[in-house]
Amino acid sequence: MITFRLLALLALAFPAAAQPRAAAEPQRFDGTLAAHNQARQAVGVAPLQWSAELAVTAQRWADKLRESRCAMRHSGAAGLGENLAWASGQSLSPSQVVGMWVGERRDYDAARNSCAPGKVCGHYTQVVWRSTTHVGCGMASCGNSEVWVCNYAPPGNFVGQRPH
């Protein structure tokens, strides 16, 4: 049986983090930027850059989640946005992970700046958040499951603000 779980973090009161530096996307995460930037291009926002610093933070959290059998919970890292994904029974590619988040677009009502009733779309809005400029991701395996963490700076998903 294949199972997926997603968890989005709302950036409510986190202080602004220092601007990360752009770096080359590691081969392990090849396709992550392209998948993010394809979704961003579709709504007319600037592309993201890979951040090695954000990737280190994301990997540390993924490793911490591995210690608790890949339980889905946010790190609470100040000044960062965060998307999580979990899969069981298969290994996901970076583009599949981002595709799961971007798939929430169908449940996002841009006119009302809200999700359809009973739906989640915060992963999608973080991916396309206009003021976000950098992303870095990590992944950890827990037996036949895996957990993915992507951190974003500056964060998105501020209540009452539109993503683009």
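The values are calculated or read from the model by the stated rules, or taken from the named source; none is laboratory data. Just so it is clear, the structure is predicted and the values come from calculations on it, not from any experiment. All Cβ positions, glycine included, derive from the backbone under ideal geometry; neighbour counts span all protein chains shown. For the accessible areas, the whole protein counts, side chains as well, though only heavy atoms, and no ligand, DNA or RNA atoms are used. Shrake-Rupley method; radii C 1.70, N 1.55, O 1.52, S 1.80 Å.
Leaving ligands, DNA and RNA out of it, rank Thr125, Thr133 by accessible area with a 1.4 Å probe, largest first.
Ranked list, largest accessible area first: Thr133, Thr125.
Solvent exposure of Leu92, expressed as accessible area, is near 20 Å², computed with a probe of 1.4 Å over the protein chains only.
Dividing the helix sum by the residues of the chain, where each DSSP H run of 4 or more adds -39500 (n - 2.57), gives a mean residue ellipticity at 222 nm of -7500 deg cm²/dmol. Only protein heavy atoms count here; under a 1.4 Å probe, Lys119 has an accessible surface of about 110 Å².
Could you tally the net charge around Gly143, taking each other residue with its Cβ under 12 Å from the Cβ of Gly143, Lys/Arg +1 and Asp/Glu -1? Around Gly143, the charge tally is +1.
Based on the alpha carbons, how large is the Rg to Rh ratio for region 26-110 when Rh follows Kirkwood?
Rg/Rh: 0.96.
Protein heavy-atom surface of region 122-162, 1.4 angstrom probe: 55% of the accessible area is carbon and sulfur, with nucleic acids and ligands not counted.
Rounded to the nearest 20 debye, the dipole magnitude of the chain is 240 debye, with +1 charges on Lys and Arg beta carbons, -1 on Asp and Glu beta carbons, and the Cα centre as origin. Accessible surface of Arg28, taken over heavy atoms with a 1.4 Å probe and every protein chain present, rounds to 130 Å².
Taking a ≥ b ≥ c as the square roots of the Cα gyration tensor eigenvalues, with a/c under 1.5 meaning rounded and otherwise prolate when a/b beats b/c, else oblate, which class fits region 103-164? It is oblate, given that a/c is not under 1.5 and a/b is not larger than b/c.
Once Rh for the chain is found with the Kirkwood sum over Cα pairs, what is the Stokes-Einstein diffusion coefficient at 25 °C and 0.890 mPa s, in µm²/s? Value of D from the Cα-based Kirkwood radius: 158 µm²/s.
Across the protein chains, with a 1.4 Å probe defining accessible surface, the residues Glu53, Glu25 rank Glu53, Glu25 from largest area downward. Computed with a 1.4 Å probe over protein heavy atoms only, the accessible surface of the chain comes to 49 Å² per residue.
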